[in-house]
Every structure is written in structure tokens, then in C-alpha cells.
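Heads up, the thing below is written out as C-alpha cells.
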Amino acid sequence: MVRLTRIYTRLGDGGDTHLGNLRRVRKTDARVCAVGDVDEANSAIGLARTHILPVEVDAWLAGVQNDLFDLGADLSVPEPSEPDGVSRLRITPAQVTQLERWCDAANDRLEPLASFVLPGGSPGAASLHLARTICRRAERSVIALADRERVTAEAVQYLNRLSDLLFILARTCNVDSGGDVLWKPGGGRPTEGD
């Protein structure tokens, strides 16, 4: 259990912070940016949960928020090139598989798509679409980090599946509010005389 007695420490005032292994790095370090983007995705999901969502969806998202803290812990401690004998909190294949199960369960209740979906519809759906786009950015940040340093495969897989789940859940939230907002290619162009 983590115990925080004081939030400010003044240790980051010079632009540095420390990772989970206590190594000091700049706050602009790719690993810190990836953790920050995961944190932002978690906050966006928290905001989405303030809207009226189906009970099952809200329960799934509560689990996802906890998983995203696990992912932040995973990313905050670089994976050693050699086993160091220390047990670290890492995203597991089971966490990725759970997202796939939720994707399948929610998607089975939806009509097949006939067009791309515009972000919008109900407030809950719009918030989930925003969380999805932030999740995609977090995924890109983690991939950029993985291009430079070791990152667990499950970290990338989790974010990839999560963005899929958020898309499906946004569609689920729109079922009772008139359905998805569909893209109409060229539909926003003015007509002659406008």
C-alpha cells in the first residue's frame, strides 16, 4: 500500500523527477511523457464515468482505471536487460485478454458499422471518444519509448485494446440516444449559394 503524507516535495522544481527505481530524469524524458499520457487517459476515463453510463460499462471502466495505474507503475520502472531478481508490477497478458473479452461482449450487442463514426452523440459517448483519442496518444508515446528503451509488450497491447474498448463503449452509450453519429464524406462542405 502506498502512503503519502505530503504531496509537495520541491524535488521537481529544477525540472527533474525520479522514476520508480529512483533514477533521476528530466520531466521531458520519453518515459515520463509516456507515464503522463497514461495518467491523462486515466483522468479522461474518470471524467467519462461522471456521466450516466450503463452499470456494467462503469464497472469495467473502474477496473480499467486501476489497470492504468498498474501500467503507470510498469512504465515508471525500466525493464532491466538482465533479470535483477526484483518482482515489479507489470501489465499481464490476462489484463489484455480481459479487455478483449469486454470488447467482444459489448460489440456483440451492436449493429455492424456502415460508416465511420464521428465523436459525439450522448455526453457519455462523447467523453469516451475523447478518452479514446487520449489513449491513442498514450499508445504512441509508449511505442516511441519502446523504440528507444525496453518496454513490456503487454504495455503496448493494453493501450491498443483499451482504445478499441473505449470506441465500442462509446457506441454502446449511443444506442439509447439515437445511435452513432456517422461520417458523411463531404457532408460538411457548403453547397453552391451558401
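FYI, it's all coordinate maths here, none of it is from the lab. As the structure is a computational prediction, the values presented were derived from the model and not from experiment. When we count neighbours, we look across all protein chains shown, and the Cβ atoms used for this are built from the backbone with ideal geometry, even at glycine.
Observations
- Listed by Cβ neighbour count within 10 Å, with the fewest neighbours leading, Phe116, Phe167, Phe69 appear as Phe116, Phe69, Phe167.
- Only Cα sites of the stretch 40-127 enter the Debye sum here, all with the same form factor; the resulting log10 I(q)/I(0) across q = 0.10, 0.15, 0.18, 0.19 1/Å is -0.37, -0.73, -0.95, -1.02, listed in q order.
- The stretch between Ser43 and Asp108 holds 20.6 nm of extra length on full extension. This uses 0.36 nm per residue minus the Cα-Cα distance.
- Each residue, Leu89 and Thr191, gets one label point 7 Å from its Cα in the Cβ direction; the gap between the two is 5.7 nm.
- Neighbourhood net charge (13 Å Cβ-Cβ; Lys/Arg +1, Asp/Glu -1) for Asp104: 0
- Cα convex hull of the stretch 108-194, projected area averaged across orientations, nm²: 8.1 nm²
- Net charge over other residues, Cβ less than 13 angstrom from the Cβ of Leu159 (K, R count +1; D, E count -1): -4
- Arranged from fewest to most other beta-carbon atoms within 10 Å of their beta carbon, Thr92, Thr152, Thr172, Thr97 become Thr97, Thr92, Thr152, Thr172.
- Added length on full extension, which subtracts the Cα-Cα distance from 0.36 nm per residue, Thr97 to Asn66: 9.6 nm
- The stretch 22-174: C-alpha gyration tensor shape, a/c 1.5 cut-off, then a/b vs b/c: prolate
- Note that the stretch 61-78 has calculated 3J(HN,Hα) couplings of 5, 4, x, 4, 4, 5, 4, 5, 5, 4, 5, x, 5, 4, 6, 6, 10, x Hz, one per residue in order, obtained from phi through the Karplus relation 6.51 cos²θ - 1.76 cosθ + 1.60 (θ = phi - 60°); glycine and proline are x.
- Fewest-first ranking of Trp102, Trp60, Trp183, using other Cβ atoms within 10 Å as the exposure measure: Trp183, Trp60, Trp102
- Lys, Arg +1 and Asp, Glu -1 on Cβ, resulting dipole of the stretch 80-162 about Cα centre, debye, nearest 20: 240 debye
- Val181 long-range amide H proximity, modeled H, under 5 Å: Leu118
- At an R0 of 35 angstrom, the distance between the Cβ atoms of Glu79 and Arg137 translates into a FRET efficiency of 0.95.
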